[in-house]
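Read the figures in this text as sums done on the coordinates, not as results from a lab. Given the structure is predicted, the values throughout are model-derived calculations rather than measurements. Glycine also receives a Cβ, built like all others from the backbone with ideal geometry; neighbour counts cover every protein chain displayed.
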Amino acid sequence: MTTIGVLSLQGDFVEHQAVLRRLSADVRQVRTPDGLRDLDGLIMPGGESTTLCRLIQDFNLYDPLRAVIKSGLPVWGTCAGLIILAQRAIDLDFPTLGALDITVRRNAYGRQVDSFETNLSIPAIADGSSRPFHSVFIRAPVIEEVGAGVEVLAHLPADAGPAATSTVALRQGPFIATTFHPELADDDRFHRYFLDIVRQQGRGYTPK
Ligand code: GLN
C-alpha cells in the first residue's frame, strides 16, 4: 500500500485526501514530526503561506520537513505549498524549505483577477487524450524565475494577461508543484501523475 502524507495544519488538505482515497492510496494527515514516518510521498496543500509557516514553526516541523526533502521523498506543493517549497519567496517573512529552484511572488495576480479558472494543456499528465486540465487559481502566486534544472509542465496561455506564459506547474526531480489546485478539479490526472512518481521511487521514508 502506498502511504501519502498530507500536511494538515491549515488549508485544503481534506480535498487532497479525498482524491487520494478515490485512487486507493493510504492517506495520513501529518501534524507532527512522527507523522512523517514511513511515508512514500507528501503533499503540501494550499492555504495561507504565512499561517502555514507559523504553524510549521509551532509544531516543530521545519527541520523534519527539510530532512524529508533532503532524503528525496516525492513531495508535491500546491499554491501556498509551492510557495513554502520554493528557494526564493518574495514577501514571505518566514524561511522556506528550499526544494525548488524558483522565485515566487505571492498574491501576484492583483485584486481584479484574485481568483480565476482556465483550461491548461499539460502533456505530462496526458492519458492518451488531449483533454485540457481545468485549473482553479485562488490568490495564486506567480513564478517569476525558473532555474535550469526545473522541468516546466504547464504554463499560462499567451493571452492570459499580465502573467501570460508564466510557469504554473513544474517538476524538479522528485518534487512537483502547481500554482493552481488540482484537488478542486473534477479530474484526478494530476494526483495519478504524483502517485506514478511515488511508485517509481518505490520506498518509504523514515526519519532518523
Ligand atoms: N495567497 C496564498 C498565500 O500567499 C496562497 C493561496 C492558496 O494557497 N490558494 O499563501
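Before moving on, here are some points about what is shown:
- A124 vs. criteria away from the ligand (no atom under 16 Å from the Cβ) and in contact (Cβ under 8 Å) with a residue 40 or more places away in the chain: yes
- So A177, is it within 18 Å of V75 (Cβ to Cβ) and part of a strand (DSSP E or B): yes
- Members of region 134-155 that are within 16 Å of the ligand (Cβ to nearest atom) and either touching a His at 6+ places or on another chain (Cβ under 7 Å) or hydrophobic (A, V, I, L, M, F, W, C) (or both): V136, F137, I138, A140, V142, I143
- First in region 15-34 and without any contact (Cβ under 8 Å) to a residue 40 or more places away in the chain, second anywhere and basic (K, R), Cβ under 8 Å, 6 or more apart: V27/R21
- Unmet requirement for V68, which otherwise passes all of (1) more than 10 Å from the ligand (Cβ to nearest atom); (2) under 14 Å from the mean Cα position of the chain (by Cα): (2)
- Conditions (1) under 15 Å from the mean Cα position of the chain (by Cα); (2) surrounded by fewer than 23 Cβ atoms within 10 Å (Cβ to Cβ); (3) more than 14 Å from the ligand (Cβ to nearest atom); (4) outside any helix (DSSP H, G or I): number failed by R28: (1)
- Lone qualifier among G47, G5, G41 - being within 16 Å of the ligand (Cβ to nearest atom) and buried (at least 16 other Cβ atoms within 10 Å of the Cβ): G47
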